[in-house]
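The structure is given below, and queries will be raised subsequently.
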Amino acid sequence: MKTQVAIIGGGPSGLLLAQLLHIRGVDSILLERKNKEYVLSRIRAGVLEQGLVNLMEEAGCADRMHAEGFLHDGALISYGDEMFRVDFRKLTDTPVMVYGQTEVTRDLYAAREQAGGKMEFNVDDVVIHDADTATPRVTYKVDGQERRIDCDFVAGCDGFHGVSRQTIPLAMRREYEKVYPFGWLGILSETPPVNHELIYANSERGFALCSMRNDTLSRYYIQCPLSDSPANWTDAAFWDELKRRIPCEFADSLVTGPSIEKSIAPLRSFVTEPMRWGRLFLCGDAAHIVPPTGAKGLNTAASDVHYLYNALRDYYENGSEAGIDAYSEKALKRVWKAERFSWWFSSLMHRHPEQSEFDLAMQTAELEFLRSSAAAQHSMAENYVGLPY
Ligand code: RFL
Ligand code: PHB
């Protein structure tokens, strides 16, 4: 088979790129290791920056998001007996959109299917060949049968555990990593959210987050040891622990119910440089990971897609390689800022196993500063709603 852009990975990055390229008449084939149902069963992000909302509009996939998503103007932060609200809209004139990654992905799959986009599922043994030449190709297997795609470019949108990043020779790659000594235990429950906006809580028992997907579907997280397992937590034990970590007024009004999903996510900061090798471009989690505090993972994947899509468009429409040559540097500049914010917000909100009295006092002072300083809140809001592309 022949195509212009071979896309490895059918998560949000790969799908969004495929759909945007399609709108501009650029042909792609997308390869996904799992099937659509599996991708849609992964419960992940919930907060979208305006930049991603704009891209979904450009991709022609924003109608359901605008009808069913919720615009949030701010979020609550609690610590000790204190609680304050950061008003994103007042500080930056920009809200965030609460609409699940699952729904974003569902809308993108629907659009790709409607457009007759070429997608192959359940692919194995994906290998990217000759990415450092003008004629790259991708081989893979479906049902044990070997197939081959000849293409102009390869987009590596295959997440943290994919093959694309590993294709770049080690000698040319530099990796930066920080693994946090705790995880998030998350549940999804068919209960009304405890508050109309998100609550980020730093309690002496550890971090908690109250989030949501819609009026009747809530998403809650609590910080847990890395050694923990969802099987150790009954629903009742989860609700009890959550209530101990959030302000009383919310603990008292929290509506509990059976969980419909329960999982633990480790927290990691990771960046690989460069994000391009020859005609292979890394996009999203394939190139970088952030801890989920601050909701930057999907949003940073979206900014990569924006830069890559515009670079490829410039190549096909104007014959210019300037965008392609600038891709890695442009994307990484924004990635590092999102890494900084996610690291800062994670450090601020979690209890660390090795935290000294001094570290704790610094954390409290930082929270106190954020509560009382308009400048500090402005900085947080600017990052939370998303830095410009
Ligand atoms: P994905 O979503 O991992 O998709 C990659 C796809 O590639 C496939 N794949 C392969 N396909 C073919 N061949 C191979 N060899 C392949 N290897 C892998 C995989 O099956 C998969 O379908 O990466 P992508 O598209 O870059 O998207 C990134 C986002 O999924 C991720 O950044 C976010 O989910 C992170 N994240 C959040 N981001 C936000 O912006 N806001 C949030 O509120 C937010 N909350 C979260 C999160 C991530 C979480 N977890 C579990 C990691 C909350 C959680 C709990
Ligand atoms: C979520 O709803 O899953 C969510 C929201 C905000 C975050 C992280 C995750 O910072």
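Rounded to whole Å, give me the distance from the Cα center of segment 323-372 to that of segment 34-50.
Here the two parts' Cα centres lie 25 Å apart.
So which of LYS34/LYS296; LYS178/LYS262; LYS2/LYS330; LYS2/LYS118 end up more than 18 Å apart, counting from Cα to Cα?
Exceeds cut-off: LYS34/LYS296; LYS178/LYS262; LYS2/LYS330.
Can you give me the solvent accessible area of MET380 with a 1.4 Å probe, rounded to the nearest 10 Å²?
10 Å²
Any idea of the accessible area per residue across segment 1-138, 1.4 Å probe, to the nearest Å²?
Heavy-atom SASA per residue in segment 1-138 reads 42 Å².
How many nm separate the modelled label positions at ALA231 and TYR38, each set 7 Å beyond the Cα in the direction of the Cβ?
2.2 nm
Report, in order of residue number, the helices in the chain meeting two criteria: a C-alpha extent of 15 Å or more along the helix axis, and a mean Kyte-Doolittle hydropathy of at least -1.0; treat each whole DSSP H run as one helix.
12-23, 297-318, 322-349, 357-372, 374-385
Could you sort TYR307, TYR38, TYR316, TYR180 by accessible area so the largest value comes first, with the probe set to 1.4 Å?
TYR38, TYR316, TYR307, TYR180
Residue farthest toward the positive end of the dipole of segment 145-191, with Cβ of Lys/Arg at +1 and Asp/Glu at -1: which of GLN145, TYR180, GLY156?
TYR180
Still on this structure, please answer the following. Report the trypsin sites (Lys or Arg not before Pro) located in segment 162-216 that are in a DSSP loop and have at most 16 other Cβ atoms inside 10 Å of their Cβ, or state none.
Loop-located and lightly packed - ARG173, ARG205.
Once you have the Cα-Cα distance between ALA265 and ALA110, take 0.36 nm times their residue separation minus that, and quote the gain in nm to one decimal.
Computed gain between ALA265 and ALA110 is 53.0 nm.
Right, here's the next one. How high is the FRET efficiency between LEU170 and LYS141 when r is their beta carbon distance and R₀ equals 22 Å, given to the nearest 0.05?
0.30
Largest first, what is the accessible-area ranking of ASP158, ASP215 with a 1.4 Å probe?
Solvent-accessible surface, decreasing: ASP215, ASP158.
Would you work out which of GLN19, GLY294, SER356 lies farthest towards the positive end of the dipole of the chain, given +1 charges on the beta-carbon of Lys and Arg and -1 on that of Asp and Glu, about the Cα centre?
Ranked along the dipole, the leading option is GLN19.
Can you give the accessible area of ARG64 in Å² (nearest 10), computed on protein heavy atoms with a 1.4 Å probe?
70 Å²
On the full set of protein chains, 1.4 Å probe, figure out the accessible area of THR135 and give it in Å² to the nearest 10.
Counting only protein heavy atoms, the figure is 100 Å².
Just want to confirm a number: the relative contact order over the chain, from Cα pairs under 8 angstrom separated by 6+ residues, in percent.
20 percent
Treating only the Cβ atoms of Lys and Arg (+1) and Asp and Glu (-1) as charged, compute the dipole magnitude of segment 229-343 about its Cα centre; round to the nearest 20 debye.
That gives segment 229-343 a dipole magnitude of about 240 debye.
Counting alpha carbon pairs within less than 8 Å and at least 6 residues apart, what relative contact order, in whole percent, applies to segment 66-114?
The value is 35 percent.
Counting only the backbone N, which residues of segment 72-101 are under 19 Å from the spot 7 Å out from the Cα of SER253 toward its beta-carbon?
So the set is 72-79, 81-87.
Would the chain count as rounded, prolate or oblate if I go by the C-alpha gyration tensor, calling it rounded below 1.5 in a/c and otherwise prolate when a/b exceeds b/c, oblate otherwise?
In terms of gyration-tensor shape, prolate.
Could you tell me which of MET56, GLY9, GLN101 has its Cα farthest along the dipole of the chain towards the positive end, charges placed at Cβ (Lys, Arg +1; Asp, Glu -1), taken about the Cα centre?
Going by the charge dipole, the pick is GLY9.
Can you show me the helix-derived [θ] at 222 nm for the chain, built from DSSP H runs with n ≥ 4 at -39,500 (n - 2.57) apiece and divided by the number of residues, rounded to the nearest 500.
Taking each H run of at least 4 residues, the total per residue is -12000 deg cm²/dmol.
Could I ask something else about it? Rg(Cα) of segment 282-375 divided by 2.2 N^0.38 Å?
Compactness ratio reported: 1.48.
Still on this structure, I have one more. Can you tell me, using C-alpha contacts under 8 Å and at least 6 residues apart, the relative contact order of segment 127-279 as a whole percent?
About 29 percent, as a whole number.
With only Lys, Arg, Asp and Glu charged, each at its Cβ (+1 for the first two, -1 for the last two), find how big the charge dipole of segment 210-278 is about the Cα centre; round to the nearest 20 debye.
260 debye
With charges only on Cβ, +1 for K and R and -1 for D and E, what is the dipole size of segment 67-161 about its Cα centre, in debye, rounded to 20?
180 debye
The values are calculated or read from the model by the stated rules, or taken from the named source; none is laboratory data. Fair warning: this is a prediction, and the values are worked out from it, not measured in the lab. All Cβ positions, even for glycine, are placed from backbone atoms using ideal geometry, and neighbour counts span all protein chains on display. Side chains included, ligands, DNA and RNA excluded: accessible areas come from the protein's heavy atoms. Shrake-Rupley method; radii C 1.70, N 1.55, O 1.52, S 1.80 Å.
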